[in-house]
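Accompanying notes for the structure given below.
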Amino acid sequence: MGTAELLQFAIAGLKNGSIYALVALGFTIVYASTGVINFAQGEFVMLGGMLSWWSYSMFDVPLVVAGLMGVALTAVVGIVFELVAIRPRKDGNPLALIIITVGGSLLLSSLARHAFGPLEKSLPAFTPGPSFRVLGAAIDRQTLWIFALTAIAVVLLSLLYTRTRVGKAMRACSIDRSAARLVGVDPRSMVTLSFALAAALGALAGLATTPLTQTAFNIGPSFGIKGFAAAILGGLGNPFAAVIGGLTLGLLESMSIAFISSTFKDAISLLVLLLVLFVRPQGMFGRAVREKV
């Protein structure tokens with residue numbers, strides 16, 4: 001295999017990994033605020049693409065406006081999902097909440113099928129034009145947009161957590177909700193905000209990929225599994241680790257295609273997930289937690 005071909009696989013892996021990183025960030029944000037794995041996160045990816053397509057085709061607005069509408073509407077769905085499905089469970093039983101998110105995933109997928117139909121939908125490329133050539137490898141313009149949007153999302157999320165009072169309140173709730181409540185932070189509001197952010201990040205991933213791969217009502221579970229695997233690989237609860245886990249998983253998938261077979265591409269996520277859970281459950285950047293009894 002030549003250098004140009006290997007570079008092409010690496011670029012494809014980083015492109016997919018950037019999407020997985022956005023989905024993994026959604027898992028991480030919700031887990032940090034609730035201690036629950038939100039298995040509806042993949043449906044937010046689907047909704048981001050679907051609602052952007054709906055806004056673009058229904059209102060005949062510029063693509064950038066349709067994209068912003070799609071992300072905003074998906075964030076509203078995330079808020080409603082938390083208020084209707086998560087908040088009423090006052091006991092906070094993690095297993096019950098996880099089952100609720102699984103049921104919510106199925107409900108959102110079914111509603112999307114009835115609302116938008118079973119056929120695939122697509123959006124035009126953000127900036128049409130020929131691909132760029134780098135050392136013999138081709139990089140299409142939409143891939144550059146995926147890199148840019150992921151980088152912007154990570155930077156903005158970092159600024160939110162470190163430079164704003166809201167972000168610091170979210171971090172306080174993730175560390176100790178009781179202590180945060182004592183200093184005037186409302187944990188319920190922070191949980192609602194975390195679902196809105198997670199939904200927006202998932203929607204951004206769906207918006208970025210739709211011009212390349214199209215979207216449909218049933219794509220959510222695939223993105224959900226890969227995003228969850230990326231979050232576990234990096235270390236659940238750590239945003240930086242989620243990004244590294246996503247990029248690593250994307251590269252592993254792409255290299256498996258290059259050196260083994262494309263048949264095993266989707267199995268890589270499950271294999272990585274099982275290996276990490278068996279060998280290093282805390283992930284690459286997580287710390288093992290020991291309970292004293």
(request) May I ask you to list the residues in region 201-245 that are closer than 16 Å to L149 by Cβ, among the aliphatic types (A, V, I, L, M) and over 9 Å from the mean Cα position of the chain (by Cα)? (result) L207, A208, L212, A242, V243
(message) Of everything in region 85-122, what is polar (S, T, N, Q) and more than 15 Å from Y31 (Cα to Cα)? Give them in sequence order.
(response) S105, S109, S110, S122
(message) For region 21-68: of the residues being under 13 Å from the mean Cα position of the chain (by Cα) and among the aromatic types (F, W, Y), which is farthest from L197 (Cα to Cα)?
(response) F39
(message) I need a count of the residues in region 35-57 that are in contact with a Ser or Thr (Cβ under 7 Å, 6 or more places away or on another chain) and polar (S, T, N, Q).
(response) 2
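Listed here are the residues, each with its yes/no results for (1) small (G, A, S); (2) at pLDDT 95 or above; (3) closer than 30 Å to W145 by Cα; (4) outside any helix (DSSP H, G or I).
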| site | (1), (2), (3), (4) |
| --- | --- |
| V65 | no, yes, yes, no |
| V76 | no, yes, yes, no |
| F81 | no, yes, yes, no |
| K90 | no, no, no, yes |
| A96 | yes, no, no, no |
| I100 | no, no, no, no |
| L108 | no, yes, yes, no |
| R113 | no, yes, yes, no |
(request) Tell me, please, whether a residue that is among the small types (G, A, S), closer than 23 Å to Q214 by Cβ, touching a helix residue (DSSP H, G or I) at 6+ places or on another chain (Cβ under 6 Å) and in contact (Cβ under 8 Å) with a residue 60 or more places away in the chain can be found in region 54-73. (result) yes
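Which of the helices (runs of 4 or more DSSP H) found entirely inside region 175-281 contain at least 3 residues meeting this: in contact with a Phe, Trp or Tyr (Cβ under 8 Å, 6 or more places away or on another chain) and either under 24 Å from A125 (Cα atoms) or in contact (Cβ under 8 Å) with a residue 60 or more places away in the chain (or both)?
Values: elements: 177-182, 187-213, 220-234, 239-259, 265-279.
Passing ranges, in order: 187-213, 220-234, 239-259.
The values are calculated or read from the model by the stated rules, or taken from the named source; none is laboratory data. Quick caveat: nothing in here was measured; it's all calculated off a predicted structure. Please note: Cβ atoms are built from the backbone with ideal geometry, for glycine as well, and neighbour counts cover all protein chains shown.
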